[in-house]
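Report on one structure; see the data block that follows.
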Amino acid sequence: MKPHHPRGGRGAPGVLASFLLLCLSFPVSTARGQEPAGPDAPKSSVPRPEIRIIARNKEMTKDRLVATGDVEIQYGEFRLFADRVEFNPETRDVVAEGNVVIQARDEVTRAERAFLNLDTERGRLEKTAGMIQPSVYFSAESIERETADLYSLSRARVTSCAQPVPRWSFSFSRANMKKDDYIEMWSPVLSVKNVPVFYLPYLRYPLRDRATGFLMPNLGYSGAKGFLYSQNFYWAMARNMDATVGLDMYPSTGLGAGLEYRYLLPAGTGGQVNLYYFMFKRDASGLRPDPGSVIRVTHNQALPMGFTLAANIDYQNSFDFLREFDQNFRQASVSNRSSQVFLSRSWRQFNVSAQVSRFETYFSDLNDSVVSTTLPQVNVNVFRVKLLSPLYFSLTGGYTNWRYGFQSEYTAGTERRSSYLTMRPTLSLPFSSIPWLTVNTSLSANVVYYGQSLNPETHQIVKSPLLAGNAIVNVDVVGPVFYRIFYNETGAPRLKNIIEPYFNYTYESPVSQADRIVTPYGFFRLHQIAYGFTSRYLQKKEDRQVEVLSFGLGQIYYFLPATGPLGQYLVDGKPPRWSEISGTVRYYPRESFSLDAALGYNPYYHNLSTLRLTSTAGLRADGRFLSLNWYRSMNPWATGMDPALSALYNRHQVGAVAGWRFPAMSLDVLGEIDYNLQVKKLLYTAGQVVYHYQCLDFLFEARVYYYRARPETQIRFSVGLGNIGRTGDLLGGLGF
């Protein structure tokens with residue numbers, strides 16, 4: 001079984017079910033000129049195909065036809081070949097002996113004897129073997145149909161290997177097979193070549209997409225956690241939902257259980273629920289650590305009257321548990337909790353939305369978390385209603401009740417908190433009559449009613465309402481736009497370069513009693529100019545233009561630096577007037593290559609404050625690719641800040657993921673590495689090798705988690721058997 005979304009499914013294609021459905025389940029009528037069906041034959045309103053019996057010798061006795069010598073029975077798409085056939089026209093029994101071959105659609109089956117009843121659709125095959133397309137092979141001492149859709153198999157074997165001695169096979173003493181669904185085996189033995197290597201008391205093997213059954217287990221060993229055995233069970237609950245239940249057994253550490261439930265309902269409603277719970281064993285001192293649990297939920301739903309509901313929950317009871325047990329490096333190395341419910345409704349020029357949310361980020365260096373909550377936040381928007389051409393009216397407003405601070409401040413009841421009502425009507429005057437110039441001018445009135453305020457003397461939050469307001473002027477200019485077309489040798493256009501300068505002016509009038517306004521980060525009043533440019537290169541592909549390269553630069557100048565976002569930082573005793581210079585580069589010359597970079601340059605300290613570089617060459621689907629990422633961040637403005645807080649802004653890390661396919665060696669190789677340049681220390685390395693041995697896939701994986709409290713080396717091994725998928729990791733995933 002292989003995992004898929006409920007739209008697609010999991011499982012193996014039809015195996016024995018397809019064969020028996022086609023070979024044992026067919027109604028029959030006799031052809032004109034052949035033997036009659038008899039007076040008691042069941043009647044049907046649906047015409048049945050004719051039966052033709054061809055043989056070297058035919059002999060009609062009192063109650064049956066005996067045919068010998070290269071016998072062939074034709075019935076629609078069904079063909080039966082044998083050395084000898086007995087056919088009873090009255091009971092519609094067929095007995096075939098000697099080199100029996102049955103053909104039906106894409107299936108071919110061989111048997112020594114076959115007993116078929118064309119009315120009851122019951123039958124029995126003895127000493128049979130065959131192949132189901134595309135590549136499933138079987139053999140059995142006998143196959144007998146017991147009910148309309150249930151078969152009994154005795155002393156049988158199933159494999160997807162085509163070799164005379166298959167690379168792997170399941171052999172079992174007996175089994176029940178539900179048509180087009182599954183085969184359940186008692187006492188199955190997995191053999192590699194002819195060597196038995198694994199025994200199970202019971203196994204359920206899928207015969208169709210999204211069939212219920214067990215996935216192949218994973219075996220592993222961790223230096224910190226000991227031996228690992230993982231086993232998942234997949235449950236195809238319905239066409240639009242499924243569930244995977246799994247166990248992770250660490251004999252020396254504890255036991256983990258997980259659930260993944262996915263659903264897709266009408267009207268676009270759908271989602272996924274992931275639950276995981278780990279119970280630790282007692283340690284050497286006799287103490288039992290607290291259990292670890294993870295809840296991840298995503299849900300989207302269309303409600304009556306055009307409303308849409310979206311919910312997202314990502315919660316773990318312990319950041320340390322996730323850091324030590326999550327197999328996905330990127331999830332384990334970021335300590336976040338979040339929960340959010342969002343309700344919205346849109347009309348033509350109107351939108352209303354409401355949300356409740358909580359976001360938490362844990363900083364191990366501080367042993368504390370930053371927590372932000374909104375309970376609730378309601379927004380109302382009216383978009384660009386034309387008043388008098390070309391004058392437009394817009395309106396934004398809403399209510400917000402928020403809290404912000406460290407978790408320790410929440411515990412002490414000293415976190416920042418407030419609630420406010422806001423309304424901002426806006427008049428805008430767009431201008432686009434000149435093709436190479438776009439200008440939009442707007443005037444807004446910002447009115448805010450705060451339910452709490454600050455005491456100017458004590459700076460404590462008090463329940464004293466405050467009404468504040470100001471005016472905002474904004475001018476956006478794009479242009480003048482320049483372009484140039486480059487031609488090839490034949491005179492056809494090859495490349496088009498477009499340069500777009502931009503300019504933005506923002507002015508916010510003074511706000512009375514600004515020192516009483518409660519905000520999470522401080523109150524800012526903007527009076528600034530933002531300017532820069534973007535250069536884009538377009539290439540014509542077929543009937544459309546595709547951007548292959550773009551780059552841009554931008555900066556902000558503050559007329560009132562003391563009231564701006566950088567007013568809290570000082571350079572030579574003064575707040576900076578110039579922001580950092582930001583730059584971006586995006587290069588996509590072809591599908592198999594991409595480059596995306598961004599940087600920030602501080603003009604006062606003459607260094608890079610941020611640097612992000614992501615580049616990919618090759619395609620993962622082709623098996624050969626290389627992905628690089630480089631990230632650096634620091635806050636040069638925060639000189640003199642508390643070192644523990646300043647360290648939160650500093651990060652310098654590089655990582656790479658690569659894959660290479662060796663067709664001649666039937667190998668797929670994957671590797672990943674992450675390195676902290678800030679402290680010159682490896683964070684994570686991983687390697688995976690998959691060896692394709694015809695119908696067998698051997699997977700070997702090694703990972704080293706250097707950042708954990710106790711550095712951990714983890715090794716895992718699993719085998720893929722044709723269409724039976726490997727057990728997935730319900731806690732984090734593979735990470736490659």
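Nothing in this text is a laboratory measurement; each read-out follows from the coordinates by a stated rule. Nothing here was measured: the structure is a model prediction, and the numbers come from that model. Note that we place each Cβ from the backbone using ideal geometry, even for glycine, and neighbour counts take in every protein chain shown.
With each label point set 7 Å from Cα along the Cα-Cβ vector, what nm distance links residue 605 and residue 110?
Using points 7 Å along Cα→Cβ, the separation is 7.8 nm.
Which of the peptides 659-665, 418-424, 228-234 is most tightly packed, and how do the rest follow, judged by the mean count of other Cβ atoms within 10 Å per residue?
Packing order, densest peptide first, comes out as 228-234, 418-424, 659-665.
Given contacts defined as C-alpha pairs under 8 Å and at least six residues apart, what's the relative contact order of the range 649-736, whole-number percent? The partial results should precede the final answer.
Values: 163 pairs, mean separation 17.1, N = 88.
For the range 649-736, the relative contact order is 19 percent.
For the chain, what's the relative contact order in percent, using C-alpha pairs closer than 8 Å and at least 6 residues apart?
Numbers: 1938 pairs, mean separation 54.1, N = 736.
Answer for the chain is 7 percent.
Using a cut-off of 22 Å between alpha-carbon atoms, which lysines can reach residue 127, once sequence neighbours fewer than 8 places away in the same chain are excluded?
By straight Cα distance, residue 127 reaches 178, 179, 193.
Taking the alpha-carbon distance from residue 540 and a cut-off under 18 Å, which lysines remain once sequence neighbours fewer than 8 residues away in the same chain are dropped?
Cross-link targets: 496.
Going by average Cβ density within 10 Å per residue, which order do the peptides 540-551, 364-375 take, highest to lowest?
364-375, 540-551
Within the range 481-500, find all residues whose amide N lies under 14 Å from a label point positioned 7 Å from the Cα of residue 533 along Cα-to-beta-carbon.
Residues passing the 14 Å test: 481-484, 497-500.
How high is the FRET efficiency between residue 700 and residue 293 when r is their beta carbon distance and R₀ equals 30 Å, given to the nearest 0.05?
Once rounded, the FRET efficiency stands at 0.45.
Where a ≥ b ≥ c are the square roots of the eigenvalues of the C-alpha gyration tensor, would you call the range 545-679 rounded, which needs a/c under 1.5, or, failing that, prolate if a/b is larger than b/c, or oblate?
Because a/c hits 1.5 or more and a/b fails to exceed b/c, the range 545-679 counts as oblate.
With labels modelled as points extended 7 Å from the Cα through the Cβ direction, what inter-label distance (nm, one decimal) is found for residue 485 paired with residue 285?
7.8
Which one, (1) -0.25, -0.66, -1.04; (2) -0.43, -0.92, -1.20; (3) -0.29, -0.77, -1.27, gives log10 I(q)/I(0) by the Debye sum over Cα atoms at q = 0.05, 0.08, 0.10 Å⁻¹ as derived from the coordinates shown?
Of the listed options (1) -0.25, -0.66, -1.04; (2) -0.43, -0.92, -1.20; (3) -0.29, -0.77, -1.27, (2) comes from this structure.
Given a Förster distance of 45 Å, report the FRET efficiency between residue 509 and residue 661 from their Cβ-Cβ distance, rounded to the nearest 0.05.
0.10
Report, in whole Å, the centroid distance computed from the Cα atoms of the range 204-261 and the range 299-343.
22
Determine the gain in length on full extension of the stretch residue 146-residue 596; use 0.36 nm per residue of separation and subtract their C-alpha separation, reporting nm with one decimal.
155.7 nm
Label points 7 Å out from Cα along the Cβ direction at residue 237 and residue 525: separation in nm?
About 5.7 nm, to one decimal.
Using 0.36 nm times the number of residues separating residue 693 and residue 499, minus their current alpha carbon distance, what extension gain do you get?
64.4 nm
Report the net charge of residues surrounding residue 471, where surrounding means a beta-carbon distance below 12 angstrom and charges are Lys +1, Arg +1, Asp -1, Glu -1.
Taking every other residue near residue 471 into account, the sum is +1.
Please list, in chain and number order, the residues 5+ apart from residue 526 or on another chain whose amide H is under 5 Å from its amide H, with Hs placed from the backbone.
508
Once fully extended, how much extra length lies between residue 62 and residue 300, figured as 0.36 nm per residue of separation less the alpha-carbon to alpha-carbon distance? Please report the intermediate quantities before stating the final value.
Numbers: separation 238, 0.36 × 238 = 85.68 nm, distance 7.05 nm.
Contour length minus Cα-Cα distance gives 78.6 nm.
Which FRET efficiency, nearest 0.05, do residue 388 and residue 577 yield, Cβ-Cβ r, R0 60 Å?
Working: r = 39 Å, r/R0 = 0.65.
My answer for the efficiency is 0.95.
Which of the peptides 595-605, 298-308 is most tightly packed, and how do the rest follow, going by the mean number of other Cβ atoms within 10 Å of each residue?
Answer by packing, highest mean first, reads 595-605, 298-308.
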